[in-house]
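Remarks on the structure that follows.
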Amino acid sequence: QVQQLYVAYLGRAADKAGLDYWLSELNAVPAVLTLENLRSNFVNEQPEYTDVYGGLTRTEQVTKIYENLFGRAPDAEGLAYWTTGEGSTVAADQLLVAFINGASAADSTVVNNKVFVAEAYTAAAGADFNANAAAAVIADVDGTSASVTDALTAIDNGTLEGQVPGVNQIEALATAQAAVTAYGVTAAAAHPAFDIDEDGSVSSSEAEKISSSTGVLE
């Protein structure tokens, strides 16, 4: 629900520091604030909200939240309801709840997908959060599993703004190298004769020499 606030009102995934802060406030015993308090805080006290929505008309406001949540513009009937009809009296901080409660199955799927990807980005980015990337990663997420896969791939590959391309491949190589080193130490302990230079580990060059002389390379 907290991640939904970031997606709906700010159009981006939450930064981990912000998310952790709000969760600590909500989950404290006793709770420091409620979700209703948090929604009100987002709309009335957060500078980022003011930067995004300041000066917008009710129509523009409703349209923007629709696009953030559902990835589409509101239909004419829905827009009229929220801007000039009975829904026009709903406060801005309650629009998210109202939109979610009235969402169709298709729109709910879009919301769930966006929030899922947003959670993935927040967790993956950690302290390396980038606001542009946090918005871009959910921008093209819709009701399809393919859009979720594409977004998760971008996160995994480190190709979003502020990330290092190929970081996972670098980490995988480091893991593989560590495994090779560990195996060399184990081999030296089990077969001291293989440790030709007596440094406590069997290197790849030592293994090649042993293979050449014995014809066996395990």
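Helices of the chain meeting both criteria, an alpha-carbon length of 20 angstrom or more along the long axis and an average Kyte-Doolittle score not below -1.0, with helices taken as full DSSP H segments, are 105-125, 167-190. Compactness of the chain was expressed as the Cα radius of gyration divided by 2.2 N^0.38 Å, which yields 1.54.
Given +1 at the Cβ of Lys and Arg, -1 at the Cβ of Asp and Glu and no other charges, the dipole of the chain around its Cα centre is 640 debye to the nearest 20. Spin-label model, T50 to Y21: label points 7 Å out along the Cα-to-beta-carbon direction sit 1.5 nm apart.
Within the accessible surface of the range 1-141, defined with a 1.4 Å probe on protein heavy atoms only, the carbon and sulfur portion equals 52 percent. The Cα atoms of the range 59-105 give a gyration tensor whose axes a ≥ b ≥ c have a/c under 1.5, which makes the shape rounded.
With all pairs of different alpha carbon atoms counted, what Kirkwood hydrodynamic radius in Å does the range 1-79 show? One decimal place: 13.5 Å for the Kirkwood radius. Only Cα pairs under 8 Å and 6+ residues apart enter the sum, and on that basis the relative contact order of the chain stands at 18 percent. The mean of 1/r over all distinct Cα pairs in the range 1-46, once inverted, gives the Kirkwood hydrodynamic radius of 10.7 Å. Think of a 1.4 Å ball rolled over the protein heavy atoms: the chain then has 55 Å² of accessible area per residue.
If you add up the charges near E48, with Lys and Arg at +1 and Asp and Glu at -1, over every other residue whose beta carbon is less than 15 angstrom from its beta carbon, what do you get? Summing Lys and Arg as +1 and Asp and Glu as -1 gives -1.
The values are calculated or read from the model by the stated rules, or taken from the named source; none is laboratory data. For clarity, every value in this text was computed on a predicted model and none was experimentally measured. When we count neighbours, we look across all protein chains shown, and the Cβ atoms used for this are built from the backbone with ideal geometry, even at glycine. Protein only, heavy atoms only, side chains kept; ligands, DNA and RNA dropped before computing areas. Shrake-Rupley method; radii C 1.70, N 1.55, O 1.52, S 1.80 Å.
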